[in-house]
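Written below as structure tokens is the structure these notes are about.
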Amino acid sequence: VTSPCKILKCNSEFLAATSGSHHLGTEEAPEFCTALRAYAHCTRRTARTCRGDLAYHSAVHGIEDLMVQHNCSKDGPTSQPRLRTLPPGDSQERSDSPEICHYEKSFHKHSAAPNYTHCGLFGDPHLRTFTDTFQTCKVQGAWPLIDNNYLNVQVTNTPVLPGSTATATSKLTIIFKSFQECVDQKVYQAEMDELPAAFADGSKNGGDKHGANSLKITEKVSGQHIEIQAKYIGTTIVVRQVGRYLTFAVRMPEEVVNAVEDRDSQGLYLCLRGCPLNQQIDFQTIHSAQATEGRARRKGPSLPAPPEAFTYETATAKCREKLPVEDLYFQSCVFDLLTTGDVNFMLAAYYAFEDVKMLHSNKDKLHLYERTRDLAPGNMAPSGTTPALWVALLCLSQCWLGLL
């Protein structure tokens, strides 16, 4: 399913029509106003399908502000978009950014290094929170992942198959809020089959402020992998498209994670609070049912047949190719293959774990081995149990279930 909201198309057409013109003299003002009117016309055409879209509302307000700043009339000619080449050196990158725009230098100059945390969302979808809680959720529709004083992240999850409760992330919106002399407000938006290497306004950094280069987008693999560095808040974000769906991973200092005006009255924020109980799926119980379904048909109705010919054995063998440690990432992979039949979900689990290895500050907490809501704080295997022993216990339990 592709979103009918075409705000990204409007943004790119406006950028193509105006790149470089707002840096020129006043003789370019009429041309800029013409492009602005075309931009406004484009947003009006897609208004009905963009009602709940954060990037759309940001664009509409931005157009109004620019109209006022450039004394543009709302009536008049509109331009057709045309490509322009950015002049050399117009990237606005500056090496003399203020110290306040580098988190570690400014906030922690005379103190210990900040404690970084990680949150990730991938697959069907599976969520690893900032507190290392691991959950599998339904969360269909739009849900906030992060909501603090510096940025908002919202994901939209859609059904993987018609009538299925299995969902995956089809759209992602990130809003970086304006911050002192460092960055202007910037919106990043990705959808299925559209992973831009730029913000919604076409820029690749934080705008016109002196510390604009403290917010940058880098394209790692075209159409598949981008990385956003927000140095002014010590944050790294990785967004990937794997198959048809998106994955999200972030590394963020605890101080930034908890920077909210009123934490007690703060709304749902999945990376911090996890999914609501009524949205969680106990996929390990489903694993057991799928593993023994062939022997248990007489005990009740069988589970829906998977769309492809993955059995529990072939799914575990496939996941083991990329995920040799049978932790929760491995089990998520098996669950997704059985649920969707799409081998790309194996790659989503693999890349999610690769992002954990890159972004998580505590290398002892990379693997999680059990449903974290059943464990003590820290969400690792019980104290004194080594990962190898814990995996062995899991294997024994699965074998026992297979004999029932």
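Per residue and in cubic angstrom, what volume does the convex hull of the Cα atoms of segment 100-276 have?
Cα convex hull per residue, to the nearest whole number: 112 Å³.
Order Lys231, Lys138, Lys74, Lys171, most accessible first, counting only protein heavy atoms with a 1.4 angstrom probe.
Order by accessible area, largest first: Lys74, Lys231, Lys138, Lys171.
For segment 100-276, report the accessible area per residue in Å² (1.4 Å probe, heavy atoms, rounded to an integer).
Computed with neighbouring chains in place, this is 36 Å² per residue.
Hey, rough spin-label estimate for Arg44 and Lys357, points 7 angstrom out along Cα→Cβ, what's it come to in nanometres?
5.4
When the solvent-accessible surface of protein heavy atoms is calculated with a 1.4 angstrom probe, in what order do Arg48, Arg244, Arg128 fall, highest first?
Largest to smallest exposure gives the sequence Arg48, Arg244, Arg128.
Enumerate by residue number the GluC sites (Glu not before Pro) in segment 186-272 meeting two conditions: DSSP loop (anything except H, G, I, E, B), and at most 11 other Cβ atoms within 10 Å of the site's Cβ.
Counting only loop positions with at most 11 other Cβ atoms within 10 Å, the GluC sites (Glu not before Pro) in segment 186-272 are Glu261.
Mind giving me the nanometre distance, one decimal, between the label points for Lys322 and Glu99, set 7 Å out from Cα along Cα→Cβ?
It is 4.5 nm.
The values are calculated or read from the model by the stated rules, or taken from the named source; none is laboratory data. This one's a predicted model, so the numbers in the text were calculated from it and none came from an experiment. All Cβ positions, even for glycine, are placed from backbone atoms using ideal geometry, and neighbour counts span all protein chains on display. In case anyone asks, the SASA skips ligands and DNA or RNA and just uses the protein heavy atoms, side chains included. Shrake-Rupley method; radii C 1.70, N 1.55, O 1.52, S 1.80 Å.
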